[in-house]
Each structure stands twice: as C-alpha cells, then as structure tokens.
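The values are calculated or read from the model by the stated rules, or taken from the named source; none is laboratory data. As the structure is a computational prediction, the values presented were derived from the model and not from experiment. FYI the Cβ positions are ideal-geometry reconstructions off the backbone, even for glycines, and counts take in every protein chain you see. Note: areas computed on protein heavy atoms with side chains; ligands, DNA, RNA excluded. Shrake-Rupley method; radii C 1.70, N 1.55, O 1.52, S 1.80 Å.
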Amino acid sequence: MEIKISDDRGEIIESGTRRNKVVGDVDVVVVGGGPSGVAAAISAARNGVKVTLVERYPYLGGMATGGLVLLLIEYDRYEYGILKETVERLVKLPNAIALPPRKRPWILGPETPTWIEGFGLSGAYMPPFDPEMLKFVCNEMVIEAGVKLMLNCTFVEPIMADNVMNGVIIENKEGRQAILAKITIDATGDGDVFARAGAPFKEDIHPTGLSLSYRVMNVNVEKAVKFREENPEKYMELINEHVEKEGYGLVWLPTTLEGCVLFFQYLRGLSATKVEDLTRAEIEGRRKVLAAVDFFRRNVPGFESAFLIDTSPQIGTRESRRLEGEYVLTKQDVLEGKRFHDVIARNPFFDIPYRCLVPKKIDNLLVAGRCISTTHEAQASVRMICPCYATGEAAGAAAALAIEENVPPRKVDIYKLQKQLIKQGVVIKDL
Ligand SMILES: Cc1cc2nc3c(=O)[nH]c(=O)nc-3n(C[C@H](O)[C@H](O)[C@H](O)COP(=O)(O)OP(=O)(O)OC[C@H]3O[C@@H](n4cnc5c(N)ncnc54)[C@H](O)[C@@H]3O)c2cc1C
C-alpha cells in the first residue's frame, strides 16, 4: 500500500486510516538484524551517518543464532572486514568458536571439535560457533558503532512517495510507529521490504524446504564415530531407512560444546512466506525432532543417553524471495568465476557486484544478505553467513556514501565505494 506523508511530517504519518507516531528521523534504517543487517548497520554508522536497526525478535544474529545454524561455512574465503572482527571477538570468549586447522579437505581428526557427517561440502572450512556468544558480540558491536537498536519491532509497511522510499512503518508493543529515513536497507532475508515496496522479485522454495534445527546433548561422539567408521554400510542402511520412512534428512554437525551435536532437518515443499506452511513446519518439525532423537537413542551407539536440549527459536529458511535487481548473479557467473567492475564482495572464486544490491524501480532502497539479486542456483553460493556479512557491510558503506554525496544509491560512485570498503579491510581488489 502506498502511504501518504501528512502535512505535519515529522510527527505523524498517515497510512490508510491509521496515524503512526514518528519515532525516528534518521539517515539509514536497516530492517532485519541477521548477519547482513548487523554488518550493514555497523558499516553505515562507522561511516558517520545516523542509523537505526530494527529487528522483529529480541536478539540479533538471524538464522545464525535463532535458526541454530552455527557453522561459519567458508570463513576462510571471506575472512575480512566486520566478519573478521566478529570472529576475533568470539575467539576471546569461552566456548564461543572453534577454529580448526586450515587444511583441505577439512576432515575428521583429533583437532576437529566433534565430527561432520553427511554434509555435501567436503573441503569447506566451517568453524562452529555458539549462538549465545554471537548474540552478545552482535549487541556489543552494534552499540559501540553508535547504532540505535530497536528489538521486538516488526517492519509492516514502507513509507513511499511515488517510487521513492522515505522510511518504514513498524509494529511493536506500543502500536504502529514510523521511522523516517533517507535510505532503507532490506536485510530481512525474505525481502519483506522490497516486496511491499513493489520492487520486482522472484520466489522459490529451496529443495530442502524449511528446517527446525535442534541440538542434542550427552552424545558419546567418539563411540558414535567408531561405530560409523567400523560399520559404514550398516550405518548408512540404518539412516537411509529412517530418512525414507520419515521423509527428511538426518545431518548432524559439530558444535563448540563437548558431547553436543547439531541436527538439521528438511521439511520439503514448505514456504517461508506462507503462514500456513510456517505453522505446519513448527508442528511437523517438532514431531520429527522427537522421532529422530528417539531413533538415534535406540539405534546408534554413542547416542544411548542423548537428550534434546533445544530447537531453533525460528524456523530455518535457506531461500524465499530474491530481488530482481540491476544485475542478477547467475550460476554461470559463479562457476566461471566472473569478475565485475563493481565488485563489492569477493571470494577466491567469484565476485558479487554492487548492482545485485540495487532494486529496479524503487529508489533509496538497498538489499543485503540471502535475498539479494541472484538466480536460484547462484543464491546457494551467496546465502551463507559469511557472504551475507560481506554484502551487508557493502550495503551499509554504500548507503553512507549515497547520503554524503546526496545521490540515490544506484548513482553511487563505485570507485569511491570500493576505496571505502578496502579502507574497512574488505578484500576486493587492488585499486
Ligand atoms: C537449516 C539451515 C542451515 C544452514 N546452515 C548454514 C551453515 O551451516 N553455515 C552458513 O554459513 N549458513 C548456513 N545457512 C544459511 C544462513 O544461515 C543464512 O542464509 C544467513 O543467516 C542469512 O543471513 P541474512 O542476514 O540474509 O538473513 P537472516 O539470517 O534470515 O536474518 C534476517 C533477520 O531479519 C529479521 N526480520 C525478518 N523479517 C522481518 C520484519 N518483517 N521485521 C523486522 N525484522 C525482520 C529476522 O528476524 C532476522 O533476524 C543455513 C540456513 C538454514 C535454514
């Protein structure tokens, strides 16, 4: 819905029949406090602009904390900027992160914290981290950067004048409120902001669907590993039979806690943007969690005394809406390692161009994280926590530069943006 700005701008914003109190008038509002939103807010604030970060849940970290995702996949390929700082802070906290030796393939050995099973990413470097410690580090870094943090606030509508965004309407315990902003960054993962603002987008359900992740404690990991290694066929037969019967995957991964492993599950065919599916995922997911723990206790040596300690507070979503922005990153770009003149995030294999963060049609809006402009296939390569930090950091710096230069984000001077990112420690290229 298009929202009219009333005459008494600065006090009340009218939205249909509603009148929303203006609670902020800032340079940049970042919507969503996951990896990309946290990085975007810190990056913008450190560049001297006034930033508010809005998050619907009472903690930061998004999927990385609330989705119990817990592995920094490919950290060695994005070890720079705000992400690197975050890891350096985690290293100083107890049980917050385990950095295994960097060798490829990263295989089970005495140095690895527990073990990896059934994960199709052989060779990827993926340090496990603790969600509570990451929540703490995100809070500290955001506050230190001077960001105004608003937790428990859900974005509901964009404030638009024609195709220009002027901020957001949020809902919280106090009712509906307006935050005016020169630039809005959509870091909601699901593209809630760009979808409601009317920017073109595509939507797919990831082949693995949604996931209610969970942690299981009191596992004799050594015994479980031994059983699997000595009886690989029997083990796979057992697992496959259960997977087939229950219709979901059984992947378990290392955590930073001794005797504790993390399970992902696959609730196929369910959409992250449909309330009915989200509700079904919670109910079915929970049933499957109990069934899986029971199965492991009865069948897999090492799990005899294991018990469930928690499930993810929010349903895990790998993919939902994807922006159709000024450039759409493709599978071919990723596989061929295409280099772009407007690179803003780089790993040794491919570039992410700035245009993937810029929506068509809508001005004063940038997008960061797993919902940037890519095809379904290419999204698999940019949706991990580490690249989301990188696109968030770039979006924050770009927003600050656009404000400084008084231009819309799509007109930002790429050379200046890249220079700024390099100054922030981001590895993109020699300029
Ligand atoms: C089961 C599963 C396993 C995964 N495993 C790994 C892994 O091992 N390693 C890895 O690197 N990646 C993994 N990923 C992917 C990775 O976790 C996410 O893609 C990444 O966290 C995305 O970051 P983001 O900032 O784009 O979005 P998100 O992490 O989704 O954060 C979005 C934030 O926006 C908030 N938000 C959403 N809508 C609104 C709204 N309307 N108003 C206010 N706030 C809102 C959310 O609450 C959330 O905090 C996994 C994902 C899943 C689902």
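Of note:
- Principal-axis tilt of helix 385-405 within the chain, Cα atoms, nearest 10 degrees: 10
- Among the listed pairs 148/173; 361/419; 50/92; 274/361; 182/419; 182/360, those beyond 20 Å (Cα-Cα): 361/419; 50/92; 274/361; 182/419
- Between 0 and 90 degrees, the angle of helix 414-423 with respect to the longest Cα principal axis of the chain falls at about 50 degrees.
- In this structure, the amide hydrogen of residue 252, modeled 1.01 Å from its nitrogen in the peptide plane, lies closer than 5 angstrom to those of 117, counting only residues at least 5 positions away or on a different chain.
- With the convex hull drawn over the C-alpha atoms of the stretch 283-431, the volume per residue is 169 Å³.
- Burial ranking of peptide ranges 252-259, 28-35 (average Cβ count within 10 Å, highest at the top): 28-35, 252-259
- Taken over the stretch 253-333, the ratio of Cα radius of gyration to 2.2 N^0.38 Å equals 1.46.
- When nucleic acids and ligands are ignored and a 1.4 Å probe is applied, residue 381 ends up with an accessible area of around 30 Å².
- The stretch 207-317 - percent relative contact order, Cα under 8 Å, separation 6 or more: 48
- Under a 5 Å amide H cut-off, with hydrogens placed 1.01 Å from N, residue 329 pairs with 374, 375 among residues at least 5 apart or on other chains.
- Rounded percent of accessible protein surface that carbon and sulfur make up, the stretch 176-234, 1.4 Å probe: 46
- Here, the stretch 207-317 has an Rg and a Dmax of 14.2, 45 Å when only alpha carbons are counted.
- Solvent exposure of the chain, expressed per residue, is 42 Å² of accessible area, with all protein chains present and a 1.4 angstrom probe.
- For residue 245, a cut-off of 15 angstrom between C-alpha atoms picks up these aspartates and glutamates, skipping any fewer than 8 places away in its own chain: 237, 284, 294.
- Listed by chain and number, the lysines whose alpha-carbon sits under 18 Å from that of residue 331, ignoring those within fewer than 8 places in the same chain, are 202.
- Candidate cross-link partners of residue 411 among the aspartates and glutamates, defined by an alpha-carbon separation under 15 Å and a same-chain spacing of 8 or more, comprise 326, 342, 363.
- Beta bridges by DSSP in the chain, antiparallel share as percent, to the nearest 5: 65
- Seen against the Cα atoms of the chain and their longest principal axis, helix 131-144 is set at about 20 degrees.
- Per-bin percent of Cα-Cα distances, the stretch 327-396 [5 Å]: 3, 19, 32, 29, 12, 4, 1
- Computed accessible area, residue 171, all protein chains, 1.4 angstrom probe, square angstrom: 70
- Relative contact order (%) - criterion: Cα under 8 Å, at least six apart; region: the chain: 22
- D by Stokes-Einstein for the chain, Kirkwood Rh over Cα pairs, 10 °C, 1.306 mPa s: 72 µm²/s.
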